[in-house]
Each structure stands twice: as C-alpha cells, then as structure tokens.
1. Where residues in the stretch 16-52 are part of a loop (DSSP other than H, G, I, E, B) and either among the basic types (Lys, Arg) or touching a Ser or Thr at 6+ places or on another chain (Cβ under 6 Å) (or both), which of them is surrounded by the fewest Cβ atoms within 10 Å (Cβ to Cβ)?
2. Return yes when Glu55 is charged (D, E, K, R), open to solvent by less than 60 Å² (accessible area, probe 1.4 Å) and farther than 19 Å from Ser129 by Cα and no when it is not.
3. Collect the residues in the stretch 1-15 that are assigned to a loop (DSSP other than H, G, I, E, B), open to solvent by 20 Å² or more (accessible area, probe 1.4 Å) and either among the aromatic types (Phe, Trp, Tyr) or under 19 Å from Cys29 (Cα atoms) (or both), keeping them in residue-number order.
4. Among the residues of the stretch 124-171, which ones are open to solvent by 40 Å² or more (accessible area, probe 1.4 Å), in a helix (DSSP H, G or I) and among the polar types (S, T, N, Q)?
5. What number goes with the only condition from (1) modelled with pLDDT under 95; (2) within 17 Å of Val21 (Cα to Cα) that Asp110 does not pass?
6. Show the residue pairs that are 6+ apart or on different chains and have beta-carbon atoms under 9 Å apart, the first residue being within the stretch 43-62 and within 16 Å of Pro127 (Cα to Cα), the second being among the aromatic types (Phe, Trp, Tyr) and not in a loop (DSSP other than H, G, I, E, B).
7. Does Thr101 satisfy the condition of being modelled with pLDDT under 95, within 23 Å of Asn9 (Cβ to Cβ) and of a type in the set (Val, Ile, Thr)?
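The values are calculated or read from the model by the stated rules, or taken from the named source; none is laboratory data. Just so it is clear, the model here is predicted, and its values are computed rather than measured. Glycine also receives a Cβ, built like all others from the backbone with ideal geometry; neighbour counts cover every protein chain displayed. Side chains are part of the model used for accessible areas, which takes the heavy atoms of the whole protein and leaves out ligands, DNA and RNA. Shrake-Rupley method; radii C 1.70, N 1.55, O 1.52, S 1.80 Å.
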Amino acid sequence: MNLEFNYVNITGLAEADKTYVANGQLNVCKQEIINLVKEDPYIEEVRVELVRPGESVRITPVKDVIEPRVKLDEKGGYFAGILSPVDSAGCGRTLVLKGATVVLTGLFMDFCEGLIDMEGPCVPFSPFSSTYNVVLWIKTVPELSFTGYKKSMQMAGRKVAVYLAECAKDNPVDNVKKYEWEP
C-alpha cells in the first residue's frame, strides 16, 4: 500500500472575494464558508474569523481543530464514511494545507473544551498558536440534542477543511512525503 502527502505550506491568511491559495497565502471568502456551513438545517448562525500567529487573540471554547486535507485521487474523498463513501483509508494521494487549521467554537457546552492563545506566555503550550486559523463560531438551533450538536459541529468543520484544501488543488506542492508498506 502507498500513502502520499502533498504539502502546500501556508504562511499567510487573508480575507478575499473567493477562496484560493497563492504564494503560500490562504485567501478566504467568509461568505463561501458561511454558505457551506449553513447547508446544515440545524445550524442557525455562523461567524468566520481569520486568526494569525502573534495576534492578540484568545480562541475559546475550542471544540475541535482540523487540518485542511483532500484526496487527490479520482477515487477518494476525505473523511471516508462521513463526507465520502466508506472506503479503505491510509492509501492514495492527499493534499495537505500545512500550517492552516479550521477551529470550531461556539456556545459553551461541555467541561472539556479548550482554548488557544495566539500570543503571550501560553503560546508554547499549544501547537495551534503558530498556525493560520480559520475560526468557525457556530450556533445550532436550540432544540438540537447534545449529540446532534456535536454531529453538526463536526460535519461543518470537516466540510470546511476539505473545501479549503480543494481550493488549493492546482497549487504546486512544497514537499511530498511517501509511505509504503505491505498490505
């Protein structure tokens, strides 16, 4: 079996009229992201913030952090069984936006939520203090169960992560890492 990660290094983040990657900068159209997330009828409100390393920002409550990735092979999606059909994982070609993340936040719901400080003495304690973060603040409809809430949040984050990576498919890659092993 062969697995290949094609890395596009993200070294900047900016708001734009359309989502694309150029010269290492992830340019994000907030409205595209909002429209994608609001396809879920259980999501009532979405806000998108772009947060860069060194900014005076604390992101909380952090529910999940996802690195943007997408399969480059004709046959695959990403997050098999969730966003694409069930298939064997751990093989094929994957495009990764290295240095970028999708961070999910929203109303406080659970005691095990975290925070990310983008500057200050706590920066060394979070690997996400040095990434370019597309932060999604999501509010679901009030009648949604806790399980439904978590599912809507997870789906939104994964859809946005795949979308961001898809918008970079035509970019040259900065490096490739290959793994090979016997089936």
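1. Start the filter on the stretch 16-52 by keeping residues that are part of a loop (DSSP other than H, G, I, E, B), which leaves 16-19, 23-24, 29, 38-42, 52.
Within this subset, residues satisfying the condition of being either among the basic types (Lys, Arg) or touching a Ser or Thr at 6+ places or on another chain (Cβ under 6 Å) (or both) are 18, 24, 29, 38, 40, 42, 52.
On the way: Lys18: 10, Gly24: 14, Cys29: 16, Lys38: 14, Asp40: 18, Tyr42: 17, Arg52: 14.
Restricting to residues being part of a loop (DSSP other than H, G, I, E, B) and either among the basic types (Lys, Arg) or touching a Ser or Thr at 6+ places or on another chain (Cβ under 6 Å) (or both), the top hit is Lys18.
2. Considered against the rule, which asks whether it is charged (D, E, K, R), open to solvent by less than 60 Å² (accessible area, probe 1.4 Å) and farther than 19 Å from Ser129 by Cα, Glu55 comes out as no.
3. Listed by number, the list holds a single entry, Thr11.
4. Ser130, Thr147, Gln154
5. Against the list (1) modelled with pLDDT under 95; (2) within 17 Å of Val21 (Cα to Cα), Asp110 comes up short only on (2).
6. Val51/Tyr132; Arg52/Tyr132; Pro53/Tyr132; Ile59/Phe128; Val62/Phe128
7. Details: modelled with pLDDT under 95: no; within 23 Å of Asn9 (Cβ to Cβ): yes; of a type in the set (Val, Ile, Thr): yes.
So Thr101 does not fit the description; no.
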